[in-house]
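Worksheet: the structure to be examined is printed underneath.
The values are calculated or read from the model by the stated rules, or taken from the named source; none is laboratory data. Just so it is clear, the structure is predicted and the values come from calculations on it, not from any experiment. Because the Cβ atoms are built from the backbone with ideal geometry, glycine has one as well, and the counts that use them run over all protein chains shown. Please note that ligands, DNA and RNA were not included when accessible areas were found on the heavy atoms of the full protein model with its side chains. Shrake-Rupley method; radii C 1.70, N 1.55, O 1.52, S 1.80 Å.
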Amino acid sequence: MSNTSPTFPIRVALLGAGIFAKNAHLPRILAYPSLFHLVACYSRSKASAQSVLDLVPKDHAHPPPKVYYQADDASSPDSLESLLADPTIHAVVIALPIASQPDIVRAALQAGKHVLSEKPVATTVADGRDLIRFYEQPGGPKSRGLVWHVAENWRCEPAIRYAAAQVRDLISSASVDASGVKTFDLRCYVDLTPTNRYVQTGWRTSGAVPGGFIMDGGVHWAALLRAVVGDEVESVSAFSHLWEPYLTPTDSISAIVRMKGGALGTWNISFAAAGRNLIELTTVVGQGGVDLKLGSDVKGAKRFSVSVTRPVRKETDEVSWLTDVEWFDMEGIEEEWFGFAREISGTKTLPGVTMKDGLGFKEASGDCSPHQALADVAVLEAMLNSGAAGGTLQKV
């Protein structure tokens, strides 16, 4: 069996035993036994690695994974090095503190493993570029058929892909004004209290990640903005502030954003938004607009809504406006895993997976390439640099 083109199920190792590893990645691996077989789990301590194993049901379709952990002796059969040396493991998902991930991504690719690494791709643009150069060098991992995806689930969300398609449709169908997106307003408000489980992990506020939560969470919304507007960010001018000391180094940033196509917009982020949890993007297109919002539906479930406003022309040439609203479940994590499986296997059809036809995404997932992930980091890095320089214009 080839590591580069394995048959199903793909034999996967999960590196990490934190919140997202347990609550997001592990359930998706276990939910699709026809696609994935979890054969190994790794964490810095044996106890934390064992805690992942304990979440695998006794009656699961596949045998339980082997536990690996950080060992003083790299030759130990329980070490990460031994895990990566196992030729029967096809792929690894890396969900560790971001500052430690680039070295492990390199090691996994060097060992011949396909890699799905958590976002951001790196803590800085420079480090991300170095990692991509390593992956794409002549004779390197990519040329050997190894897949490296960055787990940016927002880029895979059906709601975001639908919103992007609606913006394109509004532009292409405009009979008079065929301009693209004119302006936009992106608001990202999150109420992070001192007892929040992500705050409690500590690594985002340790100084190891420039911008802390702004970088770690902000890349989601950079992916959202770039996808829906359908353009790249050219430059930003931003002001930043720290309201809550436990969210160091900064918890809030406000920016004016210019896209390469000329659209101007505003982007506000705050992780100190007491009592507020809102993600909303409003766009004004040539004729009409698209609004995307993450909130709760009438039953209280956390879902996306996408509102599309279109012109309706009457025989008198008067124009009225019609707004349609669609609701979407959050399915980006499933989609990023399906995309990873498709690229590893080289097939669009996945065994045991019933895909939804309605949006035309049956055989496709969002682009989780490291280049896309690097572009997200570049936007946030420019915003943070501008904020640190008192609003000085920064090119992206």
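So, R0 is 22 Å and r is the distance between the beta-carbons of Ser34 and Asp367; what FRET efficiency does that work out to, to 0.05?
On the way: r = 25 Å, r/R0 = 1.12.
It comes out at approximately 0.35.
Starting from the Cα of Ser76, step 7 Å along the direction of its Cβ; do the same at Ser206; then give the gap between the two resulting points in nm.
1.9 nm
Picking from Ala122, Gly230, Phe36, whose Cα lies most toward the positive end of the charge dipole for the chain (charges on Cβ: Lys, Arg +1; Asp, Glu -1)?
Farthest towards the positive pole: Phe36.
Which cross-chain or sequence-distant (5 or more) residues have an amide H under 5 Å from the amide H of Ser235, H modelled 1.01 Å from N in plane?
Counting only residues 5 or more places away or on other chains, the set is Arg258, Val396.
Carbon and sulfur together cover what percent of the accessible area of region 15-94 at a 1.4 Å probe radius? Walk me through the numbers on the way to the answer.
Numbers: 1970 of 3570 Å².
Carbon and sulfur atoms account for 55 percent of the accessible area of region 15-94.
What is the set of long-range amide H partners of Ala71 at a cut-off below 5 Å, with H atoms built 1.01 Å from backbone N?
Long-range HN contacts for Ala71: Leu80.
What shape does region 237-396 take by its C-alpha gyration tensor, where a ≥ b ≥ c are the square roots of the eigenvalues and a/c under 1.5 counts as rounded, a/b above b/c as prolate, and the rest as oblate?
Working: a/c = 1.66, a/b = 1.17, b/c = 1.42.
Oblate shape, in that a/c is at least 1.5 and b/c is the bigger or equal ratio.
For region 267-362, what does the accessible surface come to per residue with a 1.4 Å probe? Please give it in Å². Display every interim value, and only then the final one.
On the way: 5100 Å² over 96 residues.
Value returned for region 267-362: 53 Å² of accessible area per residue.
Near Lys293, which lysines are there with a Cα under 25 Å away, not counting those fewer than 8 places off in the same chain?
Lys119, Lys182, Lys260, Lys302, Lys356, Lys362
I need the per residue convex hull volume for the chain, using only the alpha carbons, in cubic angstrom as a whole number.
Numbers: hull volume 63.7 nm³, N = 396.
Cα-based convex hull of the chain, divided per residue, equals 161 Å³.
Could you grab the relative contact order for the chain? Cα pairs under 8 Å, six or more apart, rounded to a whole percent.
Working: 858 pairs, mean separation 72.0, N = 396.
Reported relative contact order: 18 percent.
If you find the alpha carbon centre of region 236-288 and of region 364-396, how far apart are they in angstrom?
If you average the Cα positions of each part, the centres end up 13 Å apart.
Using packing as a proxy for protection, rank 365-377, 341-353, 16-28 so that the peptide with the highest average count of other Cβ atoms within 10 Å comes first.
On the way: 365-377: 21.8, 341-353: 15.5, 16-28: 19.2.
My ranking of the peptides, most packed first, is 365-377, 16-28, 341-353.
Using a 1.4 Å probe, what is the accessible area per residue for region 1-132, in Å²?
Numbers: 5310 Å² over 132 residues.
Result: 40 Å² per residue.
Given contacts defined as C-alpha pairs under 8 Å and at least six residues apart, what's the relative contact order of region 45-128, whole-number percent? If you can, show how the numbers build up before the last one.
Details: 89 pairs, mean separation 16.4, N = 84.
After rounding, I find 20 percent.
Carbon and sulfur atoms: what percent of the 1.4 Å accessible area of region 124-245 do they account for?
Accessible surface attributable to carbon and sulfur in region 124-245 totals 52 percent.
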